[in-house]
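I have placed the structure first, in the form of structure tokens, so that the comments after it can refer back to it.
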Amino acid sequence: MTATDELRHYLDAHLPAFRGQWGEQPEFEGKLAWQRILQKGRWVAPQWAEEFGGRGLDVVEALACSEVLAEYGAPGTAGIYGVANVGPTIAQWGTEEQRRHLPAILDGSEIWCQGFSEPGTGSDLAGLRTRAVLDGDEFVIDGQKIWTSDGVRASHMQLLVRTDPDAPKHKGISALLIPLDTPGVERNPIRQITGESEFAEVYFTGARVPVSSLLGPLNQGWGVTMTTLGHERSGVVTYASQVQRQVEAVVDSLRFDRTGRELSPLLRDELVRRWVEGRVVGVLGQRSLASIRATGQPGPEQSIIKLEWSQFGQRLAQTQLALGGLGAVAGPDDALMTDYLRARASTIAGGTTEVMKNILAQRVLGLPS
């Protein structure tokens, strides 16, 4: 039996009962409950080594499992940043003591976030100013992070700090693993335009953590950070298939609409453009998957998909809002409006559109910086 066949059997056995209790689109607590159910079968991160709670699948097999989860419409996990980004970084760079966090990341006992962005620097991570000064066997941290995803709910953070202020821009940076209940750490939720608070502003005032919190070599945290961002980028293949399914679902909903309404020629043309764009992103995802199968490593398609996915998501949300008409704006069900507002952030999250264009120009096309 293949891994995907085994996963299908597991979902058939557990997903209906979960949905009966939590519904089709659970909130955080429901996602946490689902994560625990998944991890009992070691399906949260099947590409992780078995010793850490995974199944030791290769990247292609793991992506195939992600496709199955998307096909079933399974909920996402609660601790997504720990599972997708921080955990693999700890597995690669961490000490034996630090790797003890990995099982807790998978079963949701620990929720991790990333303390990267700062006011005034945005996506320019190398411009960070949060400092950590070595005092005996402790680091003393002072500074501020902003737009920290899951920063309100998280129990731990992978924190990027400057440990050598005299070093060049990309040098003198270190990564620390810290519990967020450490004295001197204060979190304030950031209220978004949707009314949600998925982000936090985090302040560090004389916060002390032991030297054992250092992830990777001192002053070489940029390499550690690139590992984290590399794992963040690798998830875009799954996004590619998701957006294709999204636009197909929109088309199907209209195909089986029994109200007898007709779309204006302008709106019909717009919907056709979205369908074509969704297919293009899906094809890019298949190309990326083929590249991974051939080389074992993600290719430049990852950055292209991220750029197009973020822009496409905004255009699709706008089209869905137009299809919803007045009811989508002024009706009791505000789901379409919320999706439209949330999509505004897609060209910022995971690297701004401007940064992605620079990456493509310099690292893929080889243009001068």
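Within the range 152-233, which strands (runs of 3 or more DSSP E) (wholly inside it) include 3 or more residues that are out of contact with any Leu (no Cβ under 8 Å at 6 or more places or on another chain)? Talk me through it step by step, then tell me what you get.
On the way: elements: 156-162, 173-179, 185-190, 199-210.
Correct list: 185-190, 199-210.
Within the range 1-22, does at least one residue satisfy the condition of being in a helix (DSSP H, G or I), under 22 Å from residue 86 (Cβ atoms) and touching a residue at least 24 places away in the same chain (Cβ under 8 Å)?
Going through the range 1-22, the residues in a helix (DSSP H, G or I) turn out to be 3-22.
From what's left, under 22 Å from residue 86 (Cβ atoms): none.
For the range 1-22, residues in a helix (DSSP H, G or I), under 22 Å from residue 86 (Cβ atoms) and touching a residue at least 24 places away in the same chain (Cβ under 8 Å): absent.
Checking each residue in the range 328-369 for being polar (S, T, N, Q) and not in a helix (DSSP H, G or I) picks out 352, 369. Here residue 95 meets the list (1) at positive phi; (2) at pLDDT 90 or above almost entirely, failing just condition (1).
Answer with yes or no whether residue 120 is in the same structural domain as residue 38 (by TED's automatic domain parsing) and more than 21 Å from residue 217 (Cβ to Cβ). When the stated conditions are applied, residue 120 does not pass them.
For the range 295-316: of the residues being among the aliphatic types (A, V, I, L, M) and crowded, with 22+ Cβ neighbours inside 10 Å, which is modelled with the lowest pLDDT?
To start, the set of residues in the range 295-316 that are among the aliphatic types (A, V, I, L, M) comprises 304-305, 307, 316.
Retained after the next criterion (residues that are crowded, with 22+ Cβ neighbours inside 10 Å): 305, 316.
Details: 305: 81, 316: 90.
Filtering the range 295-316 for residues that are among the aliphatic types (A, V, I, L, M) and crowded, with 22+ Cβ neighbours inside 10 Å, the one modelled with the lowest pLDDT comes out as 305.
Scanning the range 50-78 for residues being open to solvent by 40 Å² or more (accessible area, probe 1.4 Å) and under 25 Å from residue 98 (Cα atoms) gives a total of 6.
How many of the residues making up the range 103-151 are assigned to a loop (DSSP other than H, G, I, E, B) and open to solvent by less than 30 Å² (accessible area, probe 1.4 Å)? Walk me through how you get there before you give the answer.
Step one: list which residues in the range 103-151 are assigned to a loop (DSSP other than H, G, I, E, B), which gives 108-111, 116-124, 128-130, 136-137, 150-151.
Checking the rest, the ones that are also open to solvent by less than 30 Å² (accessible area, probe 1.4 Å) come to 108, 111, 116, 118, 121, 128, 130, 150-151.
Result for the range 103-151: 9.
Scanning the range 23-47 for residues that are free of Cβ contacts under 8 Å to residues at least 24 places away in the same chain and under 11 Å from residue 74 (Cβ atoms) turns up just one, 37.
Reported count of residues in the range 189-206, each being at pLDDT 95 or above and exposed (fewer than 14 other Cβ atoms within 10 Å of the Cβ), is 2.
Counting the residues of the range 253-268 that are modelled with pLDDT of 75 or more, loosely packed, with under 11 Cβ neighbours inside 10 Å and in a helix (DSSP H, G or I) gives 2. The set of residues from the range 353-368 being open to solvent by 30 Å² or more (accessible area, probe 1.4 Å) and closer than 16 Å to residue 312 by Cβ comprises just one member, 357.
The values are calculated or read from the model by the stated rules, or taken from the named source; none is laboratory data. The shown structure was predicted, so the numbers you read here are calculated from the model rather than taken from an experiment. Using ideal geometry, Cβ is built from the backbone for each residue, glycine included, and neighbour counts are taken over all protein chains shown. The protein model used for the area step is the full one, side chains on, heavy atoms only, and it has no ligands, DNA or RNA in it. Shrake-Rupley method; radii C 1.70, N 1.55, O 1.52, S 1.80 Å.
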